[in-house]
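Novice: One structure is given below, represented as structure tokens, and several questions about it will come after.
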Amino acid sequence: MDQRVLVAGAGKSGISSAKLLLSMGGEVVLYDSNAVLDAKAVMSNFEQGDRVSMIVGQLLFEDLRGVSLCVISPGISLEEPFVDMIRQAGVPIWGEIELAYHCARGKLIAITGTNGKTTTTALVGEIMKAHFKDVHVVGNIGIPYAEEALKTEEDSVTVAEVSSFQLETAADFHPNVSAILNITPDHLNRHHTMECYIAVKESITANQTEEDTCVLNYDDEVLRAFGQKEELAPRVVFFSSRQKLTEGYCIEESVITYHHDGKATPIIDIYDMNLLGRHNHENVMAAIAMSMAMGVPVETIRKVVREFKAVEHRIEFVREHMGIKYYNDSKGTNPDAAIQAVKAMPGPIILIGGGYDKGSSYDEWIESFDGNVKYLVLIGQTREAIAACAKEHGFNNIMFAEDMAEAVRVCAYYAEDGDCVLLSPACASWGMFKNYEERGRIFKECVMEL
């Protein structure tokens, strides 16, 4: 690839894309709009002699001379003015997963949805590793796809957690097995309407054929209708935690069961799993469906599911202290995810919420408290809006905290024996924290200091 490529965004995704391009013989112009970014520190990621230069601050039209492709990081909105300038210059725009897809080999499993992506991706990854020799788990789960693409072989299996931001810039991206776990309001500050958000999520199937498989949540009305469209090319496999299906995966009494061609195959009892809550039962069913579509034996799937534990920052048990259980659900970055965490708690709840405003509505989250939340401790930019919403719904046991340490201390003071202190913010972490991982880590540190 002897091309000059503009890589927009100097974060983890952008650095990985740049390194992939350089390893293929390309020349990279790395651009970041942050004028005060330490360019020297960014450039330290590369070797002396690498064909890479950097621009910070404003991108000019003349900077695009000789550029044949732009690879844009998912955190950058396609409505940024410089993106429009790139389009006007006639330069194609790819995302990092599109670049990686073109460079990778082997089979690809891609998982999207508003909630449950990380848990499901991690579980599918573990199942694949138990059956296939060469497995790569990439995407939003923490390792950029571009970082692993050239390590893949024809017999490799890649499992990718894919966000709506990443799907916006996918063109030829073609998973052999895809899954859309659910669709609820999220990122409307970027996608603006639910119709746009839904269309982006559903686009994960755009290049799939009748030889491929798409796993969908039957209980999600949008996905049920989508899965029944005649023009949808891949074979559709449904799962349901609420209804019995004649075809697909469902829960009968307490056993996840696969129904196909008039036969019923029991997979695993939900009480034999380490994962809590209905949402996790759905994640497991989706993971099982994808794994069976990949030809993994039921015995292997059953063993891995039985041993699998929750991923970090997703309803993660931290410790029990003085009869109080502490749970870290920092990855609950939208109201629907936070609802699932509230429902999963084994006792009365002291809840820490609030953070960056993504344009979400908090009404359903507040309604889900249903007498189980005793106190709501709020932090971050959205605390006033959440407090006002809670009071409209008759919930008044609200306190504000200035930082995580104060929030944890307040929770510990008001909690009683048998209570659960839950961090499940229903908001993004930006503003107070770099990311949800840092927020969860600080919460756990504060809990351990009690």
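Read-outs: derived from the displayed coordinates by stated rules, not from any lab. As the structure is a computational prediction, the values presented were derived from the model and not from experiment. Note that each Cβ is placed from the backbone with ideal geometry, even for glycine, and that neighbours are counted across all protein chains shown.
Novice: Residue 71's amide H: which non-local residues (gap 5+, or another chain) put their own amide H closer than 5 Å, with H modeled 1.01 Å from N in plane and none for Pro or chain starts?
Specialist: Close amide H contacts, sequence-distant or interchain: 6, 7, 8, 94.
Novice: Using amide H atoms built 1.01 Å from N in the peptide plane, name the residues 5+ places from residue 428, or on other chains, whose amide H lies under 5 Å from its own.
Specialist: Under 5 Å from the amide H of residue 428: 356, 358.
Novice: State the extension gain, in nm to one decimal, for the chain segment bounded by residue 372 and residue 437, taking 0.36 nm per residue of separation less the distance between their alpha-carbons.
Specialist: On the way: separation 65, 0.36 × 65 = 23.40 nm, distance 2.65 nm.
Using 0.36 nm per residue and subtracting the Cα-Cα distance, I get 20.8 nm.
Novice: Which value in Å is the Kirkwood Rh of segment 1-65 over different Cα pairs? Walk me through the numbers on the way to the answer.
Specialist: Working: mean 1/r = 0.0846 Å⁻¹.
Result for segment 1-65 stands at 11.8 Å.
Novice: With charges only on Cβ, +1 for K and R and -1 for D and E, what is the dipole size of segment 78-169 about its Cα centre, in debye, rounded to 20?
Specialist: On the way: 7 positive and 14 negative charges, 57 e Å.
Around 280 debye, computed over segment 78-169.
Novice: Here is a follow-up. When the gyration tensor of segment 316-448 is built from Cα positions, what are the square roots of 5 times its three eigenvalues, in whole Å, from largest to smallest?
Specialist: Numbers: eigenvalues 74, 59, 33 Å².
Over the Cα atoms of segment 316-448, the ellipsoid semi-axes are 19, 17, 13 Å.
Novice: Additional query: Efficiency by 1/(1 + (r/R0)^6): what FRET value for residue 85 and residue 34, r their Cβ-Cβ distance, R0 = 22 Å, to the nearest 0.05?
Specialist: Numbers: r = 18 Å, r/R0 = 0.80.
Efficiency at R0 = 22 Å is approximately 0.80.
Novice: Quick check on segment 90-171: take the gyration tensor over C-alpha atoms, sort the square-rooted eigenvalues as a ≥ b ≥ c, and tell me if it's rounded (a/c under 1.5), prolate or oblate. Let's see the in-between values first.
Specialist: Details: a/c = 2.58, a/b = 1.27, b/c = 2.04.
Note, shape of segment 90-171 comes out oblate.
Novice: Extending each Cα 7 Å along its Cβ direction at residue 2 and residue 272, get the distance between those two points in nm, one decimal.
Specialist: 5.9 nm
Novice: Apply the Karplus parameterisation 6.51 cos²θ - 1.76 cosθ + 1.60, with θ equal to phi minus 60°, to every residue of segment 61-68 and state each ³J(HN,Hα) to the nearest whole Hz, in sequence, with x for glycine and proline.
Specialist: Working through the residues one at a time gives 4, 5, 5, 8, 4, x, 7, 9 Hz.
Novice: If you place +1 on the Cβ of every Lys and Arg, -1 on the Cβ of every Asp and Glu, and leave all else neutral, what size is the dipole of segment 98-307 about its Cα centre, to the nearest 20 Debye?
Specialist: On the way: 18 positive and 31 negative charges, 79 e Å.
I would put it at about 380 debye.
Novice: Figure the gain on full extension for residue 210 and residue 150 (residue separation times 0.36 nm, minus the Cα-Cα span) and round it to one decimal in nm. Could you put the intermediate results ahead of the total?
Specialist: On the way: separation 60, 0.36 × 60 = 21.60 nm, distance 2.75 nm.
Separation in residues times 0.36 nm, less the Cα-Cα distance, equals 18.9 nm.
Novice: Something else about it: Hey, got the dipole for segment 316-448? About the Cα centre, +1 on K and R Cβ, -1 on D and E Cβ, debye to the nearest 20? Numbers along the way, then the final one.
Specialist: Values: 13 positive and 20 negative charges, 54 e Å.
With Lys and Arg at +1 and Asp and Glu at -1, about 260 debye.
Novice: Counting only C-alpha contacts under 8 Å and six or more residues apart, can you give the relative contact order of segment 316-448 as a whole percent?
Specialist: 39 percent
Novice: Subtract the Cα-Cα distance of residue 388 and residue 252 from 0.36 nm times their separation in residues, and report this length gain in nm to one decimal.
Specialist: Working: separation 136, 0.36 × 136 = 48.96 nm, distance 4.12 nm.
Result for the pair: 44.8 nm of gain on full extension.
Novice: Which shape class, rounded, prolate or oblate, goes with segment 1-113 when its Cα gyration tensor gives a ≥ b ≥ c as root eigenvalues, a/c under 1.5 marks rounded, and past that a/b bigger than b/c marks prolate?
Specialist: Cα axes put segment 1-113 in the rounded bin.
Novice: Considering only DSSP beta bridges whose two residues both sit in segment 316-448, what percent are antiparallel, to the nearest 5? Display every interim value, and only then the final one.
Specialist: On the way: 6 of 22 bridges.
DSSP beta bridges in segment 316-448 are roughly 25 percent antiparallel.
Novice: Quick check of the Kirkwood formula: for segment 98-307, what is the inverse mean of 1/r over all pairs of different Cα atoms, in Å? Before the final figure, lay out each step's value.
Specialist: On the way: mean 1/r = 0.0586 Å⁻¹.
After inverting the mean inverse Cα-Cα distance, the result is 17.1 Å.
Novice: Pop the C-beta distance of residue 244 and residue 68 into the FRET formula with R0 = 56 Å and round what comes out to the nearest 0.05. Show your work: numbers first, answer last.
Specialist: Numbers: r = 54 Å, r/R0 = 0.96.
Efficiency for this residue pair is about 0.55.
Novice: On average over all directions, what projected area in square nanometres does the chain have, based on the convex hull of its Cα atoms? Could you put the intermediate results ahead of the total?
Specialist: On the way: hull surface 90.1 nm².
Projected over every direction and averaged, the Cα hull of the chain covers 22.5 nm².
Novice: Given contacts defined as C-alpha pairs under 8 Å and at least six residues apart, what's the relative contact order of the chain, whole-number percent? Intermediate results must be reported in sequence, preceding the final value.
Specialist: On the way: 944 pairs, mean separation 49.9, N = 450.
Taking the mean separation of contacting Cα pairs over the length of the chain, I get 11 percent.
Novice: How big is the antiparallel share of DSSP beta bridges in the chain, given as a percent to the nearest 5?
Specialist: 20 percent
Novice: I've got another one for you. Can you work out ³J(HN,Hα) from phi for every residue in segment 361-369, in order, using Karplus 6.51 cos²θ - 1.76 cosθ + 1.60 and θ = phi - 60°, giving whole Hz and x for Gly and Pro?
Specialist: 9, 9, 4, 5, 4, 4, 4, 5, 4
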